[in-house]
Structure formats: structure tokens, C-alpha cells
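The values are calculated or read from the model by the stated rules, or taken from the named source; none is laboratory data. Keep in mind the model is a prediction, meaning the values are calculated, not measured. All Cβ positions, even for glycine, are placed from backbone atoms using ideal geometry, and neighbour counts span all protein chains on display.
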Amino acid sequence: MWNQLHYFRIISTIVFSIFIINSCVNPFAPKLDYDIGSESSLISDQKDIEGVFQNLQYAYTFRDTTIYGELLNKDFTFTYRDYDREVDIAWGREDEMRVTSGLFNNSERLDLIWNNIVAITSDSTNVVRSFNLTITFNPTDVIFVDGKVNLQLEKISDKNKWQIITWIDESNF
């Protein structure tokens, strides 16, 4: 009798332990990818101009003002054409951050698609590139913006990354 009780306790403990260990495993959970390298990162180091465009797309997609702010030089200027008044309107970095933060906070979704580079200087300091931007404020309020962005870029030597000095909006908005 003693052996049977002892044997039953051992078997019960083993079965219970196996049950506890296996209950912590989710067979439907995706496996972790330990092979993700910097080349597949969503955020670029901005060491080339394509990294600037990649980070702009990331900032708009995830409405991330921190990443957006790192793209702008301290002397940044944004300019757009007010077609109703037939004048160009410009503002600096602080106003740009405030306006962009408002856009990011008040929209449900932003989809920025970069198209072809229309013009680029040999030293990559001026780039004109076409884009499509879809701004969704709510399901019934969606704005489509098509146009070109005319950027003046500067490579900051101590950080070894490109930043935007001037952004001239050449869109239909």
C-alpha cells in the first residue's frame, strides 16, 4: 500500500509539472525574430538622403514628432503657397513642430507615399520628390494631397546625418 501511494504521488507530481510547464507555451504565438538587423529597421540613421525620406514616412505613419523633429535643422524653414491670397507663407522650426503635432494629434491615419525623385543636385543638397499623402481625420473626412516637396538638405558633420534646412511645399493643397 505504501509503495502504491508513493508511486501515485510521484506520477501525479510529474504529470502536474508537465501540465504547468506546457500551459505556459502558446502554440499560436509568433516566434521572435532575432535576426532583425539595422538594414530592416523602420527608422533610418539618416546617413543618406533616402534615410531622410524613410524617417519622414515613418514619422507620418506612426505620427511620431520625436523622429520628425530629428529631421529638421535648427534653422529650418517651411514654405507653402497660399493660392487664395497669392502669397508664399513661411515659418520656422518651432511653428512647424506645433503645426505637425496638431496634424498628428488630430488625424486618425496618415499615409505618405514617396514617388520618384524629380530633380537632385550632384551633392544631394537639393532634392525635389513627388509624393501622395492621405490624411484621414475620420472615416467620412479624408483628404488626398498630391504634389512635390522641394527640400534643401545639409549633412551635419558632427552627427554624420542629413537634416532638412528648407522645405518648400509644391502640392495641390
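A few notes on this one:
- Among the residues of the stretch 91-102, just one is surrounded by 14 or more Cβ atoms within 10 Å (Cβ to Cβ) and part of a strand (DSSP E or B), namely W91.
- Taking the criterion of being under 22 Å from L110 (Cβ atoms) and either in contact with a Gly (Cβ under 7 Å, 6 or more places away or on another chain) or surrounded by fewer than 18 Cβ atoms within 10 Å (Cβ to Cβ) (or both), the residues of the stretch 44-56 that qualify are S44, E50, G51.
- Residue ID - farthest from the chain's Cα centre (by Cα), chosen from residues in the stretch 34-65 that are among the small types (G, A, S) and at pLDDT below 95: G37
- On inspection, N105 fails the criterion of being in a strand (DSSP E or B) and exposed (fewer than 14 other Cβ atoms within 10 Å of the Cβ).
- Tallying residues that are surrounded by fewer than 16 Cβ atoms within 10 Å (Cβ to Cβ), in contact (Cβ under 8 Å) with a residue 24 or more places away in the chain and closer than 16 Å to G51 by Cβ within the stretch 128-164 yields 3.
- For L110, the stated conditions do not hold, so it cannot be described as surrounded by 14 or more Cβ atoms within 10 Å (Cβ to Cβ), in contact (Cβ under 8 Å) with a residue 60 or more places away in the chain and assigned to a strand (DSSP E or B).
- Single residue of the stretch 66-90 satisfying the filter (surrounded by 15 or more Cβ atoms within 10 Å (Cβ to Cβ) and of a type in the set (F, W, Y)) that is modelled with the lowest pLDDT: Y80
- Condition check for W114: more than 22 Å from the chain's Cα centre (by Cα) and at pLDDT 95 or above: no
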